[in-house]
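The values are calculated or read from the model by the stated rules, or taken from the named source; none is laboratory data. In this text, all values refer to a predicted model and were calculated from it rather than measured experimentally. Here Cβ is always computed from backbone atoms with ideal geometry, including for glycine, and neighbour counts include all displayed protein chains. Each accessible area value is taken on the protein alone, full model and side chains, heavy atoms only, with ligands, DNA and RNA left out. Shrake-Rupley method; radii C 1.70, N 1.55, O 1.52, S 1.80 Å.
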Amino acid sequence: MSGGTFVGMPAFPAAAREAVGNTTLRANLRHATHTIRDKRAKAVTELDDWALLREAGKQIKDHTLRHLDTYLVQLEESVTAAGGVVHWAADADEANRIVTRLVQETGESEVVKVKSMATQEIGLNEALEEAGIAAYETDLAELIVQLGHDRPSHILVPAIHRNRGEIRDIFQKEMGSWGRPAPEGLTDTPAELAEAARLHLREKFLRAKVGISGANFMVAETGTLVVVESEGNGRMCLTLPETLISVVGIEKIVPTWRDLEVFLQTLPRSSTAERMNPYTSTWTGITDEDGPRAFHLVLLDNGRTDTLADEVGRQALRCIRCSACLNVCPVYERAGGHAYGSVYPGPIGAILSPQLRGTASEIDASLPYASSLCGACYEVCPVAIDIPEVLVHLRERVVQGGPATLRGNKVVLKPAKGHAAERAAMRAARWAFTHPGALGAGQRLASRTRRFHPRTLPGPGRAWSATRDLPAVPAEPFRDWWQRTNGGKDTEK
């Protein structure tokens, strides 16, 4: 993986075409996403004020993003006052250098990790490995992915594409080379798989001197970081090591504890359909004889301020990584997370990755098109991110190019390759709609020749018409009908 991109991955259409042909993958995804979405729907309807909580979350995030500079400075001051050390990382390379140096200064050669999208985004595990440092994932799903030499395919459940039989086989084959081997006669029952993981990880928790985490939220007023999780591995990583290093995107900040209250209600219900998160760990700096002796916070930009400069696209920074949009997306359900070529799959990945990384690569230029624009993602988003609006906005950027912010500089992007025909079609449509006479003549011509129209489109359009019928052209254009019937009045007689 490089810069958050899965190396060697093709653009979304090609990757999705291959994934759709994998019947096992589709069955795994269909079962998992339908189960999660149904449970979430029930959990959300239990709250009469869900719509108000959703709006409150949106307003808190928007306010924070408008004043991000102020709250980040306040956060740094609060963390420093509590005994922590704050580091600023402009991009992935700088963040990896900082974390690698901090681990090397402890003299350790291994670390335990809490599930973290930010560290996956920057490729931290790979950077540590190059420096001779082993990074062990402790989240059960992340452990499955790591042991299977695989890639995560879901924000909340990275191994959602695996079934229990596949997980058992991975544990039996790989656990021994990473530490404590799987028990003899391991079956695919959830309890036995979880127990095998617990025994395997226990020795790592007790031995590790360095822990690495992300954070779901950072509270500016106190310098407190918050991790919500369901297994308890996070609490082990956050409390047992002598040194804790947290890598967090700058958008994860909230101003006050009162603001945090809103998200502690909406995140569990949106992600795991739980009324309350099983483990909510908070830490503020360091405390004598309790928890780590040293705490480092690495604040990660990596394209976030560029995204913030986009008035339409910046709403993607509201995301609290609940993954609700993935579980309702018909495209994700069929294609899976790997097809997105990013650690951020699904609808949110389709708008976040092209903004964090730009649209210069073939993968990122294709992601805004990885959607049917059905709007289901917007309906379930607990912070009301209008993902369809951003998708259309990014499609325009891909096709037309135009002004954007790249690494803090105002630039003019060139149109992506392969969209010349689309641009020509849009220019022709614009000309036609601004010349009513020509538009009317074209409509009448289309109506009079309708019996000669093909049932499928030629050339590249064949891919579209292969799975759907072309709309039939009416026998008479609407404008002609309107004039002939006096606006419909003559038909009422």
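Please list Leu47, Leu367 from largest to smallest accessible area, probe radius 1.4 Å, with all protein chains kept in place.
Leu47, Leu367
Got a sec to turn the phi values of segment 398-413 into Karplus ³J(HN,Hα) couplings, 6.51 cos²θ - 1.76 cosθ + 1.60 with θ = phi - 60°, whole Hz, x for Gly and Pro?
Result, ordered by residue: 5, 6, 9, x, x, x, 7, 10, 10, 6, x, 10, 6, 9, 10, 7 Hz.
I need the GluC sites (Glu not before Pro) found in segment 283-349, filtered to DSSP loop residues with at most 11 other beta carbons within 10 Å of theirs.
Listed in order of number, the matching sites are Glu289, Glu311.
Cys374 accessible area, nearest 10 Å², 1.4 Å probe?
80 Å²
Cα axis of helix 190-207 to longest principal axis of the chain: angle in degrees, 0 to 90, nearest 10?
Between helix and principal axis, roughly 50 degrees.
Loop-only check: which GluC sites (Glu not before Pro) in segment 7-72 are DSSP coil with at most 11 other Cβ within 10 angstrom?
For GluC sites (Glu not before Pro) across segment 7-72 that sit outside H, G, I, E and B with at most 11 neighbouring Cβ atoms in 10 Å, the list reads Glu46.
Leaving ligands, DNA and RNA out of it, rank Asp386, Asp469 by accessible area with a 1.4 Å probe, largest first.
Asp469, Asp386
If the only charges are +1 at each Lys and Arg Cβ and -1 at each Asp and Glu Cβ, what is the size of the charge dipole of segment 184-277 around the Cα centre, to the nearest 20 debye?
240 debye
Hey, what do the phi angles of segment 363-369 turn into as Karplus ³J(HN,Hα) couplings, whole Hz, using 6.51/-1.76/1.60 and θ = phi - 60°, x for Gly and Pro?
3J(HN,Hα) across segment 363-369, in whole Hz: 4, 5, 5, 8, 5, x, 9.
With +1 on the Cβ of every Lys and Arg and -1 on the Cβ of every Asp and Glu, and nothing else charged, how large is the dipole of the chain about its Cα centre, in debye rounded to the nearest 20?
Using only the charged Cβ atoms, the result is roughly 2740 debye.
What residues qualify as long-range amide H neighbours of Phe217, i.e. H under 5 Å apart, gap of 5 or more or another chain, H built at 1.01 Å from N?
Val226
Compare the Cα positions of Met218, Gly418, Ser281 along the charge dipole of the chain (+1 at Cβ of Lys, Arg; -1 at Cβ of Asp, Glu; about the Cα centre) and return the one farthest towards the positive end.
Gly418
With unit charges on the beta carbon (Lys/Arg positive, Asp/Glu negative), name the residue among Leu260, Gln400, Ile348 whose Cα is farthest towards the positive pole of the charge dipole of the chain.
Toward the positive end, the furthest listed residue is Gln400.
Can you list the residues, at least 5 places off or on another chain, whose amide H is less than 5 Å from the amide H of Leu406, using H built in the peptide plane?
Here Val411 satisfy the definition.
5 Å is the cut-off here: which amide hydrogens, built 1.01 Å from N in the peptide plane, fall below it relative to Val247, excluding neighbours closer than 5 in sequence?
Ser213, Gly214, Val298
Whole number in Å², please: accessible area per residue of segment 272-424, 1.4 Å probe, ligands, DNA and RNA not counted.
41 Å²
Among Ala365, Ala475, Leu244, whose Cα projects farthest towards the positive end of the dipole of the chain, with charges put on the beta-carbon of Lys, Arg (+1) and Asp, Glu (-1)?
Ala475
So if I place +1 on the C-beta of Lys and Arg and -1 on the C-beta of Asp and Glu, and nothing else carries charge, what would the dipole magnitude of segment 348-493 be about its Cα centre? I want it in debye, nearest 20.
Value, rounded to 20: 620 debye.
With each run of n ≥ 4 DSSP H residues scored as -39500 (n - 2.57), what mean residue ellipticity at 222 nm is computed for the chain after dividing by its residue count and rounding to the nearest 500 deg cm²/dmol?
Helix contribution divided over all residues of the chain: -15000 deg cm²/dmol.
For segment 429-437, what does the Karplus curve 6.51 cos²θ - 1.76 cosθ + 1.60, with θ = phi - 60°, yield as ³J(HN,Hα) per residue in whole Hz, taken in order and with x for Gly and Pro?
Working through the residues one at a time gives 5, 4, 5, 5, 6, 9, 10, x, x Hz.
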